[in-house]
């Protein structure tokens, strides 16, 4: 495991950057034009970014980016 020390300003910046990336991925999940293969790669990236976000953001903020099981099931049915 690797440790990382950041000050409060850097933590806020990490939160901001990760939020923007998560927002973009969640928006792109809704785009029907994106191929299923690409969406699987997006899913992997989403999981990594969300795990990072959980480490720097308060739980109330994290709840906004949790994907519902219903969405995940719909995604799997369409693949």
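In table form, for the structure just shown:
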quantity	calculated
Any chance residue 42 is surrounded by 12 or more Cβ atoms within 10 Å (Cβ to Cβ), out of contact with any strand residue (DSSP E or B) (no Cβ under 8 Å at 6 or more places or on another chain) and without any contact (Cβ under 8 Å) to a residue 60 or more places away in the chain	yes
So residue 20, is it out of contact with any strand residue (DSSP E or B) (no Cβ under 6 Å at 6 or more places or on another chain) and modelled with pLDDT of 95 or more	yes
Residue in the range 52-59 that is modelled with pLDDT under 95, under 30 Å from residue 5 (Cβ atoms) and exposed (fewer than 10 other Cβ atoms within 10 Å of the Cβ) present	yes
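The values are calculated or read from the model by the stated rules, or taken from the named source; none is laboratory data. Remember, predicted model here, so these are calculated numbers, not experimental data. All Cβ positions, glycine included, derive from the backbone under ideal geometry; neighbour counts span all protein chains shown.
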